[in-house]
Each structure stands twice: as structure tokens, then as C-alpha cells.
Amino acid sequence: MITKFLTTNFIKNNDKIHDKEVREQYGRLSGIIGIIINLILFTVELTLGIFSNSIAMIADAFHDLADVTSSIVTLIGFKLASKPADKEHPFGHGRIEYISALIVSFIIILIGYEFIRSSFDRILHPEAVHFSITSLIIILIAIPLKLWLSHFNKTIGKKIQSSTIVATGVDALNDVAILIGVILSLLISQFLHVTVDGYIGAIVAIFIIFSGVSFIKDTIDPLLGKVPDPYLVKEISKSIMSYDYILGIHDLIIHDYGPGRCMASLHAEVPSNVSIVDIHDVIDKAEKDLSEKLNIFVVIHMDPICEDSGEVGELKGMIAEILKNFPLIHSFHDFRIVGEGENRNLIFDIVLSQDFDFTEISEHKLKEDIDTRIKSIHPNFNSKITIDRDFIN
């Protein structure tokens, strides 16, 4: 309810999530809300931690300060990421958002490391923790605040597909577990007269480091080139196949240049007996429509295939049956027959699962095995096979 109120009143055209300016507004709102809440919690928890002599509470206070820093970096990252393309960066600056998330991750890990050291020192040299009802009440108030902040950031992050904001939401949820640990530390010290503050502080610090490492993985994946969003793959495939003359698609590759900045290239199979001018008009329309609909840059290559030959259909069916014996082959395409008479070449590409051992020896062995099966049916036919990787599964 509060999330909807904030996005409706502070983000103009909030439904146009693919618009770069709207996306920047979401990032700005997330950053400002995070700064306000975490700065208040940092000030309160640090004050209480010093007066109660609780290393666990002080550690969580500085974790809140790290969250403030994270929100500032998020604000800067979204601002820089929204810069338009220029001569040095023709695909824009969208990946700065990933880099800003990486910076946040290292800040979190550094703070966690420092508090592990402080906590071990407290374990070796225990000191009494001063319990107060005020401290307990304030921490209990902080828990629903962090729960809401987590929900707020995860909702926004998923809506605009921002791994940075989603990670911030997950981190806020980690804070809830940390705060529960601080409460346990205060209660055990008060009622059981056992000093566990150093141990709780160490657990808090481990939580902090773990969340930082998780963020690093989440932000490095798109920088290295992770598997594209299955929904986007499905939408591209479904949309392309709705156009006249397009019989099939393959070699779909999606490059991520930052959230909302993707480039897709693919091969579309088209009938060889239709005017190339007519097909070119269809391909041009498909490229333009998809670019506007999905907010991506699309390039389509045409692959003419012969569909009106009975022999081609028969041999293609034979290849399909043979390839069923090889479970790591996902599909085949670009099938054609070259040559005349009995000694002819069957030329086609096969798409292999990423689980396949892509070495020169294994690829050569696979081609030989397929060729042997073909020759067992048609001894005079030779196969010319090209191996493709599956870049989307």
C-alpha cells in the first residue's frame, strides 16, 4: 500500500518501466528512502550500542551505515547509467549499474571483516552488556521498518528488473535476522547473566560478509554474460514466429549492455521460392516491431530453406530420427542437399547442450558417429555438420 502510494505520487508515468527516465526515477526513489531509513537507524543504534556497550548492536549500526552508502552508490549508479550513448560507448552506459552494485558489495564485505575482528576481540575479552527497555523497544520498532524496506526494494527491483535494488531488498531482510540476534544478546545477558555479545557480533559480521559475497555473484554474472531471461527468449521466439514466411528460428543470441539495454540477433528460416524483396519487407517489419515492443535492438539474418521438395522432407525426417539417439543435441537447422547423382552432401547445423564436452576430439567423434548412422541408411551420402552452442538454455 505504502509502496504503491510512493511510486504513484513520486514517479511520473510510473507504469512506463522501460523508459530510461522513469527507470532512473525508481532508482532515485529507492536510494532516497534507503538513505532516510538507514541513517535514522544508524544514529539510534550507534547511540544505544555505545551506551549499552553492545558490539553486536554497534556492528548492526555500521551495517546500516553501509546500507546508506549503498543507497548513495545506487543513486549515483542510476544517474550515470542513464547517460545516453556516445562515441566511446555506442551501447550506452547501462552496465555502470552493475559496477555500482559491485562497489556496494565490497563495502559490505569490508565492514563485515572489520566487525569479525572486533567481535573476536570481545569474545577473548568479554565485557558486560547494559540492558535497557528503551534499547529493546527501539530494536523491535526497527524490525518492521526493515521488513517494509526489504519488501519495497524487492518490489521495485523486480518491476524494473534491477539486480542492484533487488540485492538491497535482500540485504534489508538479512538485517531483520541480525536485529533478532541483537535482541537475543540483550535478553541472554540480562536474564541468564551470560556474555554472548561477541558471539552474536561475529554471527552478525558473517551475515554481512555472506550478503556481500552473494551480491558480488549477482552483479558479476551479467558482466560476464549470463543466460538471458527465459521470458525474453520466449517473447522473442513467439513474436518472430507470428510473421508471414518465417518457418523457424535458430542461433538466437542476446547481449546484455545493462538493464533495459539488450541486443538480440537471430537467424530466421524463410522459404527459398518466395521473392527476396517480399521476405526482406517482412524481416524489416519484424525487426522494427520487436525493437519497439520489447525495448531491445534486434537484428535478423535470413536463411532460405527448400520446403517444396519431397526428397528434402524425407531426408530431413531421417536426420531428425537419427539425432534422437544423441540426447545432448537440442535441435538441427539449415538443412540442405548439395550435389547431383548419388554422391551428395547433406549439410546441416546441430545445436548442442552446454553440458556437452566442447573439445576438438569430442566434436569430431560426434560428427563421425552421426555420419556413420547416415551412411548405414544411405551409403553414398556424406554429411557436412557444423556444431553450434545453445546460448539461451
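The values are calculated or read from the model by the stated rules, or taken from the named source; none is laboratory data. Small disclaimer: the values here were computed from a predicted structure and weren't measured. Don't worry about glycine lacking a Cβ; one is built from the backbone with ideal geometry, like all the others, and counts go over all protein chains shown.
Among the residues of region 275-282, are any in contact with an Asp or Glu (Cβ under 7 Å, 6 or more places away or on another chain), touching a residue at least 12 places away in the same chain (Cβ under 8 Å), farther than 29 Å from P222 by Cα and not assigned by TED's automatic domain parsing to the domain that holds D218? I'd like the intermediate steps shown before the answer.
First, pick out the residues of region 275-282 that are in contact with an Asp or Glu (Cβ under 7 Å, 6 or more places away or on another chain): 282.
Adding the requirement that they be touching a residue at least 12 places away in the same chain (Cβ under 8 Å) leaves 282.
Checking the rest, the ones that are also farther than 29 Å from P222 by Cα come to 282.
Pick out the ones that are also not assigned by TED's automatic domain parsing to the domain that holds D218 and you get 282.
Yes, there is a match, as at least one residue in region 275-282 is in contact with an Asp or Glu (Cβ under 7 Å, 6 or more places away or on another chain), touching a residue at least 12 places away in the same chain (Cβ under 8 Å), farther than 29 Å from P222 by Cα and not assigned by TED's automatic domain parsing to the domain that holds D218.
Whether any residue in region 363-383 is closer than 30 Å to S265 by Cα, assigned to a helix (DSSP H, G or I) and modelled with pLDDT under 80 is what I want to check.
No, because not a single residue in region 363-383 is closer than 30 Å to S265 by Cα, assigned to a helix (DSSP H, G or I) and modelled with pLDDT under 80.
Would you confirm whether any residue within region 140-150 is among the hydroxyl-bearing types (S, T, Y) and either surrounded by fewer than 22 Cβ atoms within 10 Å (Cβ to Cβ) or out of contact with any Asp or Glu (no Cβ under 7 Å at 6 or more places or on another chain) (or both)?
Just the residues of region 140-150 that are among the hydroxyl-bearing types (S, T, Y), to begin with: 150.
Right, trim to either surrounded by fewer than 22 Cβ atoms within 10 Å (Cβ to Cβ) or out of contact with any Asp or Glu (no Cβ under 7 Å at 6 or more places or on another chain) (or both) and you get 150.
Among the residues of region 140-150, at least one is among the hydroxyl-bearing types (S, T, Y) and either surrounded by fewer than 22 Cβ atoms within 10 Å (Cβ to Cβ) or out of contact with any Asp or Glu (no Cβ under 7 Å at 6 or more places or on another chain) (or both), which makes the answer yes.
From the residues in region 104-116 that are of a type outside the set (G, A, S) and surrounded by 15 or more Cβ atoms within 10 Å (Cβ to Cβ), which one is nearest to G31 (Cα to Cα)?
Top of the filtered list is V104.
Go through D334, D357 for me and flag whichever is closer than 24 Å to D390 by Cα, touching a residue at least 12 places away in the same chain (Cβ under 8 Å) and of a type in the set (D, E, K, R).
Of the residues listed, the single one that is closer than 24 Å to D390 by Cα, touching a residue at least 12 places away in the same chain (Cβ under 8 Å) and of a type in the set (D, E, K, R) is D334.
Could you grab me the full set of residues in region 242-265 that are hydrophobic (A, V, I, L, M, F, W, C), touching a residue at least 40 places away in the same chain (Cβ under 8 Å) and part of a strand (DSSP E or B)?
Those that are hydrophobic (A, V, I, L, M, F, W, C), touching a residue at least 40 places away in the same chain (Cβ under 8 Å) and part of a strand (DSSP E or B): L252, I253, I254, M263.
Can you find even one residue in region 179-195 that is closer than 30 Å to E97 by Cβ, part of a helix (DSSP H, G or I) and more than 16 Å from the chain's Cα centre (by Cα)?
Among the residues of region 179-195, at least one is closer than 30 Å to E97 by Cβ, part of a helix (DSSP H, G or I) and more than 16 Å from the chain's Cα centre (by Cα), which makes the answer yes.
Of the residues that sit in region 284-313 and are more than 30 Å from H378 (Cα to Cα) and without any contact (Cβ under 8 Å) to a residue 24 or more places away in the chain, which one is farthest from the chain's Cα centre (by Cα)?
Across region 284-313, the extreme among qualifying residues is D284.
Can we say V351 is within 27 Å of P271 (Cα to Cα), touching a Lys or Arg at 6+ places or on another chain (Cβ under 9 Å) and loosely packed, with under 12 Cβ neighbours inside 10 Å? Walk me through how you get there before you give the answer.
On the way: within 27 Å of P271 (Cα to Cα): yes; touching a Lys or Arg at 6+ places or on another chain (Cβ under 9 Å): yes; loosely packed, with under 12 Cβ neighbours inside 10 Å: no.
No; evaluated as a whole, the condition is false for this residue.
All but one of (1) surrounded by fewer than 15 Cβ atoms within 10 Å (Cβ to Cβ); (2) free of Cβ contacts under 8 Å to residues at least 24 places away in the same chain; (3) over 22 Å from Y245 (Cβ atoms) hold for K367; state the number of the condition that does not hold.
(1)
When both residues are 6+ apart or on different chains and their Cβ atoms are under 7 Å apart, which pairs have a first residue that lies in region 226-241 and is farther than 15 Å from Q354 by Cβ, and a second that is outside any loop (DSSP other than H, G, I, E, B) and among the small types (G, A, S)?
Partner pairs satisfying both residue conditions: I236/A264; I240/A268; I240/A286.
Which of (1) without any contact (Cβ under 8 Å) to a residue 24 or more places away in the chain; (2) part of a strand (DSSP E or B); (3) not charged (D, E, K, R) is the odd one out, the single condition V270 does not satisfy?
Among (1) without any contact (Cβ under 8 Å) to a residue 24 or more places away in the chain; (2) part of a strand (DSSP E or B); (3) not charged (D, E, K, R), V270 violates only (1).
Being buried (at least 16 other Cβ atoms within 10 Å of the Cβ) and in contact with a Cys (Cβ under 8 Å, 6 or more places away or on another chain) is true for just one of F381, F297, F332. Which residue is that?
Testing whether each residue is buried (at least 16 other Cβ atoms within 10 Å of the Cβ) and in contact with a Cys (Cβ under 8 Å, 6 or more places away or on another chain) leaves just F297.
Which of the residues that make up region 241-251 are at pLDDT 90 or above and either closer than 18 Å to H330 by Cβ or outside the structural domain of L266 (by TED's automatic domain parsing) (or both)?
Hit for region 241-251 is M241, nothing else.
Failed condition for I387, given (1) in a strand (DSSP E or B); (2) at pLDDT 85 or above; (3) under 20 Å from I249 (Cα atoms); (4) out of contact with any Asp or Glu (no Cβ under 6 Å at 6 or more places or on another chain), with all others met?
The number of the failed condition is (4).
Looking at region 92-102, can you tell me whether even one residue there is modelled with pLDDT under 80, over 29 Å from K4 (Cα atoms) and acidic (D, E)?
No, there is no match, as no residue in region 92-102 is modelled with pLDDT under 80, over 29 Å from K4 (Cα atoms) and acidic (D, E).
Hey, could you check region 326-356 for residues that are at pLDDT below 90, in contact with a helix residue (DSSP H, G or I) (Cβ under 9 Å, 6 or more places away or on another chain) and not in a strand (DSSP E or B) and say which is nearest to I240 (Cα to Cα)?
L328
Name the residue that is surrounded by the most Cβ atoms within 10 Å (Cβ to Cβ), counting only residues in region 1-51 that are at pLDDT 85 or above and among the aromatic types (F, W, Y).
Looking at the filtered set, the residue picked out is Y26.
Report yes if some residue within region 205-225 is at pLDDT 90 or above and more than 22 Å from the chain's Cα centre (by Cα); otherwise report no.
Looking through region 205-225, none of the residues is at pLDDT 90 or above and more than 22 Å from the chain's Cα centre (by Cα).
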